[in-house]
Each structure stands twice: as C-alpha cells, then as structure tokens.
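Next up is a structure, given as structure tokens.
The values are calculated or read from the model by the stated rules, or taken from the named source; none is laboratory data. As the structure is a computational prediction, the values presented were derived from the model and not from experiment. Using ideal geometry, Cβ is built from the backbone for each residue, glycine included, and neighbour counts are taken over all protein chains shown. Just the protein is used for accessible areas: all its heavy atoms, side chains included, with ligands, DNA and RNA removed. Shrake-Rupley method; radii C 1.70, N 1.55, O 1.52, S 1.80 Å.
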Amino acid sequence: MKQYINDDWQFFPQWSDDILGDACGESVRIPHTTAVTPFNCYDESVYQMLCGYKRNVHLDDISQSTVLITFEGVAHYAAVYFNGAKAAEHHCGYTAFTVDVTRYAHQGDNVLAVQVDSREQLDQPPFGNVIDYQTYGGIYRDVYLQVKRGAYVDDVFVKALPNRPVTARISFARLQPPAEFTAAIYDGDSAIWSQRFNASEAVTEICAPQLDLKLWSVDEPNLYRFVVAVDSDQYDVCFGVRSAQFTKNGFYLNGVKTKIVGLNRHQCYPYVGYAMPESMQRRDARILKNTLCVNAVRTSHYPQSQYFIDECDKLGLLVFTEIPGWQYIGDERWRQIACDNLREMITQYRNHPSVVLWGVRINESPDCDELYAQTNAIAHALDDTRQTGGVRYLRKSHLLEDVYTFNDFNRNGATDRNKVCDKSAPYLVTEYNGHMYPTKSYDDAPHRAEHMLRYARMLDGIFAADNVCGAFGWCMFDYNTHKDFGSGDRVCYHGVTDMFRNPKWASGVFSCMGDKPYLQLCFLPDIGDYPEGVLGGVYCLTNADSIKVYKGGAYVGQYTRADSPFKHLPHPPILIDDFIGDRLQREENFRPRNAKAIKRCLADVSKYGLNGLPLKTKLRIARVMMSEHLTMNKVVQLYGKYASGWGSEANRITVEAYTNGQLTATSTIASVTEYKLDITVSHSVLHENTSYDVAAVNIIARDTNGNVCPYVSKAVQLDADGVIQIIGERTVALQGGMTGTYVKTTGVTGKGTLYVDGVPVPFTVV
Ligand code: GAL
C-alpha cells in the first residue's frame, strides 16, 4: 500500500550537511516549489538553488520487509539520504524514481533528507543552453512510502490490442521461486477474469484468455484494471484496449482514421511553477478535452504528472509524450542521462492507453544519428506496441524514428509535407504558431482576430491534407519563460488561453470542434479599436449549422459554413461580410441595384478604409451618387447609420446560432455601459487528502451581455479567511478583462472564504 508522505517536510533554501543532523527548516508540504514567483517580470535565478528537504519517517515492524520511497518528481537533481547515508541519486526533474532504503532503515523514527539541485548549470537534460520555458525547482510531485513484506511486484507492462488476448510482463522483486501469484482483470469493481500462476522467474509473461473487452477510444475511453497479487503485495494498473498507428496515409485509432487536433501543454502555473496537486493536473486535462475540445495533447517537453495522464486516459485524450530537452545535446554523460530519462519515461507511462507515441529526440535538436539510433532502439525494446517520433524543425532531417514529427512554423498555414519529409513517412505536425504571433488577451481586436485566424488557417491546411496525421498547436496557455524568450517580462504569450487558462479568441477555433453549442464573435462593435476604423473581415466562431445576424435590431442576413474562406475545417470561422442586408432598400428606398452597390461601397469602406479604397469602389460610389442624386453629406450619413454605427444603437450586433432549425446560442455585442466581475471556481469543496488541495478561481469582467470586457484592467483585491490560503499575489490586475488566482487548503477542514474585491466566494475543506 502506498503511504503518502507529502506532509511535515522541512525545507532549507541552502543545502548544508547539518540538514542530515538536527537543523530545522521551514515547514512545507509537497508539492513544493523552491520559490514562489511573481506573475511576471522576475529573474529566473530565484528558483535555482542547491537546497534541502527533510522529514521524519516512522516505520513500524520492518523485519522481512523492503522499504521503498518513491518520488514522483524532483526538479532537477536529487540525492536521497536515509538516516544520514546516501541511498540514491536521480538525474531527471520529470520522471519518478524509487529508492530502496531497507538497508538504512530501522524500526521507529528515521530521517529522510533530500538534497535538491534546481540550478540550471546541471550537466543533464534539459540544461546546457538556453531554454524557452522555466524549469523551476523542488520536490514538486507526490512522495510515498511502501513497506513490502516478502515478494512484491516491481512492474507490470500490460499489452492490450484489439482482437488479441491481453498479455502482461510482470517483474517481481524478492521472489523465491516457485512462487504463486494471481492475475486478474477488473471492469470497475468486478473481476472479469482471474487466474493463479506460478512464477519461476523474476520476470514472467502471462496471457489472459480472449475476453470481450470494450475498446478505448477518444469518444468511449473504456478502461480496465489489471491486478497482480503476490504474497501480501498487490499491484494495480489501469489499461485500455486500443491500437494506434501512424501511417503515411494518416493516423488510425482502432483502425479508424482520426485527425489529431491537439495542443502543446507545459506543466506550469502562475506563482508556483510546477508545484500543483492532483486536482489542478486533472483540471488541465479536462480543459483540453471539455472546453478546448481537442483530442490530443503533447506534453512538451518532458513527461508530465501521472494524474494528468490518468485523466487523459479517463477522458479519451491522445498523448504524445517525450524526453526532457530543448534543442541542445550535451556530452557523452549527458546523453547517457537522456537515455536513462527515456527508459524511465517508457517504463513509467507505457500502460496508459492515452499515450500513443514516444518522443525519443530532444525537442528541436539537430541530427545526431548515434544518439537517436540508440533512443529508438531503447524505445522499441521497452515497448513494441508504440511507434516513436522525434520533434525537429529542420526539414529533411534524418528519420530514425517511425513518425516524422515536425514543428511547422510557417506563416500562411499551408502545410507541405513533401518539402519536409519523404512521402513514405507518417507525418505529424508537433507545433505551429507560437512565437510566430504572440498575442496578449489585451491586444487590440485585429491582433486577437488574426491570432485566431492563424490557428484556423493552419488547421484548415491540416484537414485538407488527408494524409497528414494531425497537428498540435503551440500552445495551450501562456507560460513563464527565460529572459531570452517571450515579451521581456518572462512570459511567452503563445497560449490560446492565458496563464490562468482564461480563453483568448483563438481558443474558439478548437472549442467549436466540440459538441456543445459554441458561439463566439471575434470582433468588437467599436470601430475605434481598429486602426483607421477599418474592421477588415470579421469572423464568428460556431459549431452551429447557420447563424442569423442582426445589426441595431434589424435583421441583416444568414450565414453558414459555406461563408467561410476555410473549406476543410469541420467548423471554420464564418466571415460576416455584410451588416446591412436589404436595409438600404427597405429604409432608404434605394433601387435594388443601387442599394446593392451602396452596400458594397460601405462594406469596402469598412474593409479598406477611405484611404485604401480600390479604384473600382471609388468609381462605383461616383456612379451611385449620380444615379441616386446623393450629396456627399448623405453618403457620410449613410456610412454613419449603416457602417460605423455612430450615435445610435446601430452598433449593437446580435448573432443567433441554429442547428437543425433550433436556436442553440445567442450572442450580442454592443458598447459597454457597465461590467461586473464574474467569478468561477474549479471546485468549491476541497479535499485534504494525500496532501493539500488547490482550487482555481477565474475572474472575468463581463458586460451586461455576458461578453468579456477586454480592456478593463482594474486591480482586484484578494483576501481570504478561514481554512484556505491564497497562492501568489493579493492584488491582481485584470489583463484582457481576465485574471485569476488559486486557493489552497491549510491542513485543516472546515470553511474558508475568498474575497474578490470584497465579494465572498465560499469554500469547504473536507
Ligand atoms: C518551438 C519550441 C517551443 C517553443 C515554441 C515557441 O521552437 O519547440 O518550446 O519555444 O517554439 O513558438
């Protein structure tokens, strides 16, 4: 049984050997970060240190037992001491490791101390050169203790492919053959198969009979449990039955061609970097699946929390996970560590049905055939059920992997695999956009709209290219980065959401691929936000069959996906190019031909501005002015009434979305008269369980129509009382009308209240 030992640690910002003795440090709980940072504009050296952690470990009778301590994640180098003796070292901030401390342990109180090095001078991946993300530090994932009496299961690798019996490769420790063990498959709590076996060797392969198991897929992520019991030990692992194949014709899940539409995810959060507990890890997976509606995630650029991947299993999200690293390859020793990281990644994550591809190349590193021949061989030896990929940005680089995984940073969305790799290779785009168009949620409307369009353009190209397996956009949310990257404030504004996971317009390109009715207007009714007052083409994102558009209360027209320049996306952005409809005929009595011409002219003025009007438009204006005897004053008046919306309710735009003739959503945009803070929480009942719990709080300024007010930048005051604590800054500014915070439990159950500008938000801790 796992006994979590996340509480009652002491933290020492500076390592000294006294830590192994009586020295006392600051009381902390795991997940822990070496430094709580500001939101932005800080020096990344703050989290880099050679520090220490210490905790008492009480052991009851441990005779005939093995005492194991597992660290799920320590960034980045760890030396583990038990009762003063160095028991193990570990060189990876992103994989778990288990330390057998039996020989140093005794009944009663023991001292577990960990020296942690979070400095970036370490000679191990991902370090050695610059890195476009912050690497943080600390014991930031769970720690647990296991005391095993007699033989125990060290590892189980379940292989479950459609139409084949399930097999498992079981590794035992301290086995004294011949020994009996039981293997069973559970569907929920009911065993659907169970059998006794004899193990004659430490590593034993077994095969279950052919069972009628349901497949795991993105729509129906059926999961089972494989349970092995030996002596008093029980090992429980979740698995799913599925096949996943990348081919030169596309990606097939259970034989069904499936376009991968994914996003890249870093594992960081504002203030605390990597140190967030289970609930926040699972929440990111839920945001990806249920809000952003993607079917895949790339864990750039390292293996991420088991909780996150478990949730991907549960929700049906495909995962591409890869070894730590960023562009740089070090010396021989560094490379051997990279290979160790790879072995750990594969053995620790290979039972997850969601994981469909191993990344065995340091992200965007140059070709290094010797190393990558080795990483591919390791991956195939440890897992013969999955293909490998290796993320590169160099066209036609050497393909040692099974899948050509390429970061395609082109501008116009055309994705030409033939320029990138041989036609016979399966091809997957692993990044696009990102630094090509950084976008803050408070950028002006044209910028935010173009950001959205770039995702649409690229994805449209991906859907058009039938044989491309899919693409992962860069990236899910804005993230803190090193000084060499981002906007100079230690933030890369590359996300389709902000750091608190508040959506930008671009997120809608993904969200509207889901089943839930989605409607988002990606423009403002206020021409003043547009340079020269020129709106250009304006777009609406929806997954409805059609939309009806009203301006100033008057109906102006209906649009469908046919009215999109993007012909391949299932739900492309719809171009609304007419806010006038037949109003010029109805309200001004113009002759139909002239009404149409005036409408086109007014639309061109909105699109190109007066200074950029094409000659054709100018001539057309002259013609209708003559034909309808219009004065210049009248033309300006018409522009005011029908195009600019000045001085009236005219710039109130309402869009209704219809599917199968039913109204599914309505959105109205108009000048803001007032706004309120809309406060939502990830969950209001928090659990003190294996450690503290954290709830995410999103704070959004919304106008009376429910729209985000992108330019409300007020400071919001946060306070808390009761059994919760605020993580990070107490005064947060709305950025793009949005911000957030996190509250954590304090080890005590009861009631807590967060005050957002005085408004109480209740929490219960159980
Ligand atoms: C890629 C890199 C990512 C990120 C991205 C920004 O080159 O792999 O980590 O830096 O660029 O667009």
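Could you tell me which of the residues Asp154, Asp123, Asp60, Asp142 is open to solvent by 10 Å² or more (accessible area, probe 1.4 Å) and either of a type in the set (A, V, I, L, M, F, W, C) or within 27 Å of the chain's Cα centre (by Cα) (or both)?
Numbers: Asp154 fails: either of a type in the set (A, V, I, L, M, F, W, C) or within 27 Å of the chain's Cα centre (by Cα) (or both); Asp123 fails: either of a type in the set (A, V, I, L, M, F, W, C) or within 27 Å of the chain's Cα centre (by Cα) (or both); Asp60 fails: either of a type in the set (A, V, I, L, M, F, W, C) or within 27 Å of the chain's Cα centre (by Cα) (or both).
Answer to the check: Asp142.
May I ask you to verify whether Met436 is open to solvent by 10 Å² or more (accessible area, probe 1.4 Å) and within 23 Å of Phe406 (Cα to Cα)?
Values: open to solvent by 10 Å² or more (accessible area, probe 1.4 Å): yes; within 23 Å of Phe406 (Cα to Cα): yes.
It is true that Met436 is open to solvent by 10 Å² or more (accessible area, probe 1.4 Å) and within 23 Å of Phe406 (Cα to Cα).
Inspect region 635-658 for any residue being in a strand (DSSP E or B), closer than 16 Å to Tyr530 by Cβ, of a type in the set (A, V, I, L, M) and in contact (Cβ under 8 Å) with a residue 24 or more places away in the chain and give the result as yes or no. Break it down into steps so the answer makes sense when it comes.
Filtering region 635-658 for residues in a strand (DSSP E or B) gives 653-658.
Restricting the remaining residues to those that are closer than 16 Å to Tyr530 by Cβ gives 653.
Cutting the leftovers down to of a type in the set (A, V, I, L, M) gives us 653.
Checking the rest, the ones that are also in contact (Cβ under 8 Å) with a residue 24 or more places away in the chain come to 653.
Yes, the conditions are met somewhere in region 635-658.
Here is a follow-up. What do you reckon, is Gly528 more than 19 Å from the chain's Cα centre (by Cα), closer than 16 Å to Arg448 by Cα and not in a loop (DSSP other than H, G, I, E, B)? Outline the logic, then answer.
Numbers: more than 19 Å from the chain's Cα centre (by Cα): yes; closer than 16 Å to Arg448 by Cα: yes; not in a loop (DSSP other than H, G, I, E, B): yes.
Answer is yes for this residue.
Let me ask another. Within the bounds of region 620-627, is there any residue that is in the same structural domain as Glu588 (by TED's automatic domain parsing), free of Cβ contacts under 8 Å to residues at least 12 places away in the same chain, part of a helix (DSSP H, G or I) and touching a helix residue (DSSP H, G or I) at 6+ places or on another chain (Cβ under 7 Å)?
Step one: of region 620-627, the residues in the same structural domain as Glu588 (by TED's automatic domain parsing) are 620-627.
Then keep just the ones that are free of Cβ contacts under 8 Å to residues at least 12 places away in the same chain; that gives 622, 625-626.
Narrowing the set further to residues that are part of a helix (DSSP H, G or I) leaves 622, 625-626.
Right, trim to touching a helix residue (DSSP H, G or I) at 6+ places or on another chain (Cβ under 7 Å) and you get 625.
Yes, there is a match, as at least one residue in region 620-627 is in the same structural domain as Glu588 (by TED's automatic domain parsing), free of Cβ contacts under 8 Å to residues at least 12 places away in the same chain, part of a helix (DSSP H, G or I) and touching a helix residue (DSSP H, G or I) at 6+ places or on another chain (Cβ under 7 Å).
In region 500-509, what residues are under 15 Å from Asn264 (Cβ atoms), assigned to a loop (DSSP other than H, G, I, E, B) and open to solvent by less than 10 Å² (accessible area, probe 1.4 Å)?
Ala506 - this is the single residue of region 500-509 that is under 15 Å from Asn264 (Cβ atoms), assigned to a loop (DSSP other than H, G, I, E, B) and open to solvent by less than 10 Å² (accessible area, probe 1.4 Å).
Still on this structure, please answer the following. Exactly one of (1) open to solvent by 10 Å² or more (accessible area, probe 1.4 Å); (2) within 19 Å of His398 (Cβ to Cβ) is unmet by Val420. Its number?
(1)
Next question, about the same structure. Just to be sure before I move on: is Asn249 open to solvent by 30 Å² or more (accessible area, probe 1.4 Å), closer than 27 Å to Thr690 by Cα, touching a residue at least 40 places away in the same chain (Cβ under 8 Å) and not hydroxyl-bearing (Ser, Thr, Tyr) in the structure I sent? Outline the logic, then answer.
Values: open to solvent by 30 Å² or more (accessible area, probe 1.4 Å): yes; closer than 27 Å to Thr690 by Cα: no; touching a residue at least 40 places away in the same chain (Cβ under 8 Å): yes; not hydroxyl-bearing (Ser, Thr, Tyr): yes.
Taking the combined requirement at face value, the residue does not satisfy it.
A further question follows. Would you call Cys41 open to solvent by less than 10 Å² (accessible area, probe 1.4 Å) and closer than 21 Å to Tyr136 by Cα?
Numbers: open to solvent by less than 10 Å² (accessible area, probe 1.4 Å): no; closer than 21 Å to Tyr136 by Cα: yes.
No: the conditions fail for Cys41.
Cβ-Cβ distance below 6 Å, separation of 6 or more or different chains: which pairs start in region 470-489 with a residue that is open to solvent by 10 Å² or more (accessible area, probe 1.4 Å) and end on one that is away from the ligand (no atom under 11 Å from the Cβ) and assigned to a loop (DSSP other than H, G, I, E, B)?
Going by the 6 Å Cβ cut-off, the qualifying pairs are Asp489/Asn40; Asp489/Cys41.
Going by the conditions given, is Val256 of a type in the set (Val, Ile, Thr) and surrounded by 22 or more Cβ atoms within 10 Å (Cβ to Cβ)?
Details: of a type in the set (Val, Ile, Thr): yes; surrounded by 22 or more Cβ atoms within 10 Å (Cβ to Cβ): no.
Considered against the rule, which asks whether it is of a type in the set (Val, Ile, Thr) and surrounded by 22 or more Cβ atoms within 10 Å (Cβ to Cβ), Val256 comes out as no.
Applying the selection to region 558-577, what residues are surrounded by fewer than 17 Cβ atoms within 10 Å (Cβ to Cβ) and not in a loop (DSSP other than H, G, I, E, B)?
Narrowing region 558-577 to residues surrounded by fewer than 17 Cβ atoms within 10 Å (Cβ to Cβ): 558, 560, 562, 565, 567-568, 570, 575, 577.
Across region 558-577, the qualifying residues are Gln558, Thr560, Ala562, Leu575.
Can you name the number of the only condition in (1) in a loop (DSSP other than H, G, I, E, B); (2) within 12 Å of the ligand (Cβ to nearest atom) that Thr430 fails?
With (1) in a loop (DSSP other than H, G, I, E, B); (2) within 12 Å of the ligand (Cβ to nearest atom) applied to Thr430, the lone miss is (1).
Please give the strands (runs of 3 or more DSSP E) falling wholly within region 321-412 in which 3 or more residues are open to solvent by less than 10 Å² (accessible area, probe 1.4 Å).
Working: elements: 355-359, 387-389, 404-407.
Output list reads 355-359, 404-407.
State yes or no: is Gln306 out of contact with any Lys or Arg (no Cβ under 7 Å at 6 or more places or on another chain), more than 18 Å from Ala244 (Cα to Cα) and within 16 Å of the ligand (Cβ to nearest atom)?
On the way: out of contact with any Lys or Arg (no Cβ under 7 Å at 6 or more places or on another chain): yes; more than 18 Å from Ala244 (Cα to Cα): yes; within 16 Å of the ligand (Cβ to nearest atom): no.
No, not satisfied.
Is it the case that some residue within region 346-361 is of a type in the set (D, E, K, R), within 20 Å of the chain's Cα centre (by Cα) and within 16 Å of the ligand (Cβ to nearest atom)?
No, because not a single residue in region 346-361 is of a type in the set (D, E, K, R), within 20 Å of the chain's Cα centre (by Cα) and within 16 Å of the ligand (Cβ to nearest atom).
Can you pull out every residue in region 267-310 that is open to solvent by 10 Å² or more (accessible area, probe 1.4 Å) and under 29 Å from Asn467 (Cα atoms)?
Arg286, Ile287, Lys289, Asn290, Thr291, Cys293, Asn295
I've got another one for you. Search region 288-306 for residues that are in contact (Cβ under 8 Å) with a residue 12 or more places away in the chain and within 17 Å of Gly389 (Cβ to Cβ) and pair each with any residue that is within 14 Å of the ligand (Cβ to nearest atom) and small (Gly, Ala, Ser) when their beta-carbon atoms are under 9 Å apart and the residues are at least 6 apart or on different chains.
Qualifying pairs under 9 Å: Arg298/Gly359; Thr299/Gly359; Ser300/Gly359; His301/Gly325; His301/Gly359; Tyr302/Gly325.
Can you name the residue in region 362-381 that is away from the ligand (no atom under 16 Å from the Cβ) and touching a residue at least 40 places away in the same chain (Cβ under 8 Å) and, of all such residues, is nearest to Phe127 (Cα to Cα)?
Taking the candidates together, the pick is Leu371.
Do we find a residue being surrounded by 20 or more Cβ atoms within 10 Å (Cβ to Cβ), among the polar types (S, T, N, Q) and either farther than 30 Å from Ile5 by Cα or in the same structural domain as Met276 (by TED's automatic domain parsing) (or both) anywhere in region 689-709?
yes
Let me ask you something else. Can you tell which of Tyr455, Tyr539, Tyr442 is away from the ligand (no atom under 16 Å from the Cβ) and outside any loop (DSSP other than H, G, I, E, B)? Full working, then the answer.
Values: Tyr455 fails: away from the ligand (no atom under 16 Å from the Cβ); Tyr442 fails: outside any loop (DSSP other than H, G, I, E, B).
Result: Tyr539 is the single residue among Tyr455, Tyr539, Tyr442 that is away from the ligand (no atom under 16 Å from the Cβ) and outside any loop (DSSP other than H, G, I, E, B).
Still on this structure: Please count how many residues of region 15-38 are open to solvent by 20 Å² or more (accessible area, probe 1.4 Å) and more than 19 Å from Thr135 (Cβ to Cβ). Steps first, answer last, please.
Narrowing region 15-38 to residues open to solvent by 20 Å² or more (accessible area, probe 1.4 Å): 15-18, 20-27, 29, 32, 36, 38.
Remaining after also requiring more than 19 Å from Thr135 (Cβ to Cβ): 16-18, 20-27, 29.
Final tally of qualifying residues: 12.
Here is a follow-up. Report every pair of residues separated by at least 6 positions or lying on different chains whose Cβ atoms are under 7 Å apart, first residue within region 559-571 and touching a residue at least 40 places away in the same chain (Cβ under 8 Å), second of a type in the set (S, T, N, Q).
Qualifying pairs under 7 Å: His571/Thr542; His571/Asn543.
Continuing with this model, one more query. Please work out which residue is nearest to Ala506 (Cα to Cα), limiting yourself to region 578-612 and to residues that are in contact with a helix residue (DSSP H, G or I) (Cβ under 6 Å, 6 or more places away or on another chain) and not in a helix (DSSP H, G or I).
Gly609
Is region 468-483 home to any residue that is within 30 Å of Tyr42 (Cβ to Cβ), within 16 Å of the ligand (Cβ to nearest atom), small (Gly, Ala, Ser) and in a strand (DSSP E or B)? Write out each step before concluding.
First, pick out the residues of region 468-483 that are within 30 Å of Tyr42 (Cβ to Cβ): 472-483.
Okay, now just the ones that are also within 16 Å of the ligand (Cβ to nearest atom), so 472-483.
Filter once more, so that each one left must be small (Gly, Ala, Ser): 473.
Now restrict to residues that are in a strand (DSSP E or B): 473.
The answer is yes, given that some residue of region 468-483 is within 30 Å of Tyr42 (Cβ to Cβ), within 16 Å of the ligand (Cβ to nearest atom), small (Gly, Ala, Ser) and in a strand (DSSP E or B).
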